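The values are calculated or read from the model by the stated rules, or taken from the named source; none is laboratory data. This is a predicted model, so every value here is computed, not measured. Cβ sites come from the backbone with ideal geometry, for glycine too, and all protein chains shown count toward neighbours. Note: accessible area is taken over every heavy atom of the protein model, side chains too, but ligands, DNA and RNA are not part of it. Shrake-Rupley method; radii C 1.70, N 1.55, O 1.52, S 1.80 Å.
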Amino acid sequence: MAATLCQVMGFILSLLGLAGIIAATGMDQWATEDLYDNIVTAVFSYSGLWNSCVRQSSGFTECRPYFTILGLPALLQAVRALMIVGIVLGAIGVVIAIFALKCLKMGNMEDSIKATMTLTAGIMIILAGVCGIAGVSAFANLIVQRTLTPRYTFGPALFVGWIGGAVLFIGGIMLCLACRGMSSEATQRYDGMAYKAASHHTIYKSDTRPRPAFNDSYKAHSVDGRSNQRFDYV
């Protein structure tokens, strides 16, 4: 029961974490303009992994995608790759975790196979969480090292990515712990009395009890102890 609960909780956390890093990857507010020194401004700029946006005081927002790939910083391309790899690993791990749920019956699949699938899903989800956290942290380092004006600060997408990656990591650990519990349950379930086949050197002892002689009589007793039949050996 504890292993099943841990598996379900790990699966739910993995879904939430995967949704978090997907949302963070698609958001444009990875780096937002720092308004600490200039509170009143007519133009507010922010950028993400795919677009660079400008919002005017009138409410009009214009976003332009990055039309070049080779002209982008190498660290930004690495962040893109890490986030995409994290999403792919997390999606595959979640799909495997769905088929490995103990509450989901699929044919004659044994618990040992489901335990192995749960462990595989947990490892993939842990790697997805590490990729998400590493990608967001690398972009945060890029913001900190930037000295050009206007200055930028951490946007909401960074915090969404950090939380999503952490939730993915915790969900993967819970799946690995559930695999350990499922393996122990399967071992206890199939433990039984060992049977040893007779070998060629087994000696069978004959029955030496005395048998009744011929013409002896045998009385059959009923359940209440009264004699109701009499058999004579011929």
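Here are the numbers for the structure shown:
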quantity	calculated
Meets criteria (more than 18 Å from PRO150 (Cα to Cα), outside any helix (DSSP H, G or I) and within 16 Å of the chain's Cα centre (by Cα)) for CYS103	yes
Region 69-82, subset of a type in the set (A, V, I, L, M, F, W, C) and open to solvent by less than 40 Å² (accessible area, probe 1.4 Å), residue farthest from ALA134 (Cα to Cα)	LEU72
Conditions (1) modelled with pLDDT of 95 or more; (2) open to solvent by 70 Å² or more (accessible area, probe 1.4 Å); number of the one not met by ASN108	(1)
Enumeration of residues in region 61-114 that are among the β-branched types (Val, Ile, Thr), out of contact with any Ser or Thr (no Cβ under 7 Å at 6 or more places or on another chain) and over 21 Å from ALA157 (Cα atoms)	THR68, ILE69, ILE92, VAL95, ILE98, ILE113
Pair list, Cβ under 7 Å, 6 or more apart: region 149-164 residue of a type in the set (D, E, K, R), other residue open to solvent by less than 60 Å² (accessible area, probe 1.4 Å)	ARG151/ASP34
Which listed residue, of THR32, THR61, THR68, is more than 15 Å from GLY171 (Cα to Cα), hydroxyl-bearing (Ser, Thr, Tyr) and in contact (Cβ under 8 Å) with a residue 60 or more places away in the chain	THR32
Residue within region 83-99 that is outside any loop (DSSP other than H, G, I, E, B), among the aromatic types (Phe, Trp, Tyr), open to solvent by 70 Å² or more (accessible area, probe 1.4 Å) and within 30 Å of LYS114 (Cα to Cα) present	yes
Of the criteria (1) under 14 Å from LEU175 (Cβ atoms); (2) open to solvent by 40 Å² or more (accessible area, probe 1.4 Å); (3) in contact with a Cys (Cβ under 8 Å, 6 or more places away or on another chain), which one THR4 fails	(2)
Unique match (being more than 22 Å from THR153 (Cα to Cα) and buried (at least 16 other Cβ atoms within 10 Å of the Cβ)) among SER14, SER47, SER58	SER14
Listing of strands (runs of 3 or more DSSP E) fully contained in region 117-234 that carry 3 or more residues being surrounded by 10 or more Cβ atoms within 10 Å (Cβ to Cβ) and modelled with pLDDT of 50 or more	152-154
